[in-house]
1. If one computes P(r) from the Cα atoms of the range 1-100, what percent of pairs lie at distances over 20 Å?
2. Based on the Cβ-Cβ distance of ALA80 and ARG115, what FRET efficiency does E = 1/(1 + (r/R0)^6) give at R0 = 30 Å, to the nearest 0.05?
3. What residues from the range 37-57 fall in the zone where the backbone N is under 17 Å from a label point 7 Å along the Cα-to-C-beta line of GLN12?
4. Karplus couplings for the range 196-213 from phi (6.51 cos²θ - 1.76 cosθ + 1.60, θ = phi - 60°), rounded to Hz, Gly and Pro as x?
5. Using +1 on the beta carbon of Lys and Arg, -1 on that of Asp and Glu, and nothing else charged, what's the dipole of the chain about the Cα centre, debye to 20?
6. Roughly what percent of Cα-Cα pairs across the range 43-114 reach past 22 Å?
7. Taking the alpha-carbon set of the range 56-167, what are its Rg and Dmax in Å?
8. Quick one: what Rg and Dmax do you get for the chain from the alpha carbons, in Å?
Amino acid sequence: MSPRPARFTREQAVAAAADIIDQGGVEALTMRRLSSALGVDPMALYRHFADKDDVVDAVADRFWVGCELPDLEDAGDWRAYAADVMRGIRFGLSRHPHLIPVVATRPISSPGALRWADDALGRIIAAGAPVAAGLGDLVNTLVMLTVASALGEYTPPAGRDTAPSAGAGRRLAEESRPAESVPTPHLEMLARAGWSPDPARQFDVALGVVLAGWSWD
């Protein structure tokens with residue numbers, strides 16, 4: 001008698017796919033590699049997924065489902081709360097650098113992601129945000145800003161296999177400078193005025209500018 005095929009749930013398959021992406025990026029994920037990680041026949045995956053794209057969509061959905069929202073009790077005004085929501089997204093992405101391109105290129109349209117988005121929006125409104133059409137555009141803009149910031153800071157540069165560590169943005173910039181000195185008088189003016197690259201600070205500044213300057217017209 002042949003052994004019974006191994007059983008697995010859709011959730012187990014999505015978790016295994018997320019692990020594969022964490023280790024080697026979305027290019028490393030194949031249906032064959034996923035089935036091997038689960039110890040099942042590749043064809044068994046098609047009971048739960050139409051194809052690899054369906055698996056990747058599910059991994060993106062899993063990220064949003066696991067993205068914790070800050071407590072409303074700790075909120076100041078609604079703008080401060082919205083900024084905290086975005087910092088939480090950015091922190092979650094920082095823990096999964098290879099997942100950032102997946103999240104960046106998948107719309108928030110899956111069931112879990114939509115539930116998360118609705119909950120986040122409800123809390124921002126509860127913190128005092130106006131119920132206006134412009135609020136939807138504002139939140140979408142903040143999410144795009146947040147994901148783009150994480151993409152630039154944490155995702156491995158194109159052509160590199162490993163994710164950059166903390167502070168790597170500045171180190172990579174230094175490594176890429178040409179051996180021959182290039183005059184940068186205006187950058188030097190900014191440096192003398194006290195400016196230096198700091199992705200986290202720049203992200204916070206950008207959040208503040210968008211939230212404070214948003215037009216509701």
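Just so it is clear, none of the values below were taken in a lab; they were calculated from the coordinates. None of the values given here were measured: they were computed from a predicted structure. Positions of Cβ are generated from backbone atoms using ideal geometry, with glycine treated the same way; all protein chains shown enter the neighbour counts.
1. Numbers: 2362 of 4950 pairs.
Of the Cα pairs, 48 percent sit more than 20 Å apart.
2. Values: r = 24 Å, r/R0 = 0.79.
Efficiency computed from Cβ-Cβ geometry: 0.80.
3. Under 17 Å, as judged by backbone N against the label point of GLN12, lie 37-49 of the range 37-57.
4. Residue by residue, the range 196-213 yields 8, x, 8, x, 5, 5, 5, 5, 4, 4, 4, 4, x, 5, 5, 5, 6, x Hz.
5. About 580 debye.
6. Percent of Cα pairs beyond 22 Å in the range 43-114: 33.
7. When restricted to Cα atoms, the range 56-167 yields Rg and Dmax of 14.4, 45 Å.
8. Every Cα atom of the chain included, Rg and Dmax give 21.1, 79 Å.
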